[in-house]
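S.K.: What follows is a structure written as structure tokens; I'll ask about it next.
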Amino acid sequence: MDYRKIFDTIPEPDKTIFFNALRDTVLRFGDRVEFRDTYILYLAKKPQRRDT
């Protein structure tokens, strides 16, 4: 999904206000973004090679 298209739907000046607030918040909390999410990893075996 191209998320840039979603942000194109936000009209000005709301888009500028949103991104300025987002930038200010990131700077205020250590100038970094942490994603604390759970990722489910599935283990798989490498397929066996068949000699032909």
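Every read-out reported here was derived from the displayed coordinates using simple, explicitly stated rules and does not represent laboratory data. Bear in mind that the values here come from a model prediction, so they are computed numbers and not experimental data. Note that each Cβ is placed from the backbone with ideal geometry, even for glycine, and that neighbours are counted across all protein chains shown.
S.K.: Give me the dipole magnitude in Debye, nearest 20, for the chain about the Cα centre, with unit charges on the beta carbon: positive for Lys and Arg, negative for Asp and Glu.
M.R.: Details: 11 positive and 9 negative charges, 108 e Å.
In total the dipole reaches around 520 debye.
S.K.: So, one more: Which length gain, in nm to one decimal place, applies between Asp14 and Arg50 when the Cα-Cα distance is subtracted from 0.36 nm times their residue separation? All intermediate terms of the calculation are to be shown ahead of the outcome.
M.R.: On the way: separation 36, 0.36 × 36 = 12.96 nm, distance 5.88 nm.
Full extension from Asp14 to Arg50 adds 7.1 nm.
S.K.: By how many degrees, 0 to 90 and rounded to 10, does the Cα axis of helix 14-28 deviate from the longest principal axis of the chain?
M.R.: 70
S.K.: Given that compact globular proteins tend to follow 2.2 N^0.38 Å, what is the ratio of the alpha-carbon Rg of the chain to that value? Intermediate values should be presented prior to the final figure.
M.R.: Working: Rg = 21.0 Å, N = 52, 2.2 N^0.38 = 9.9 Å.
It is 2.13.
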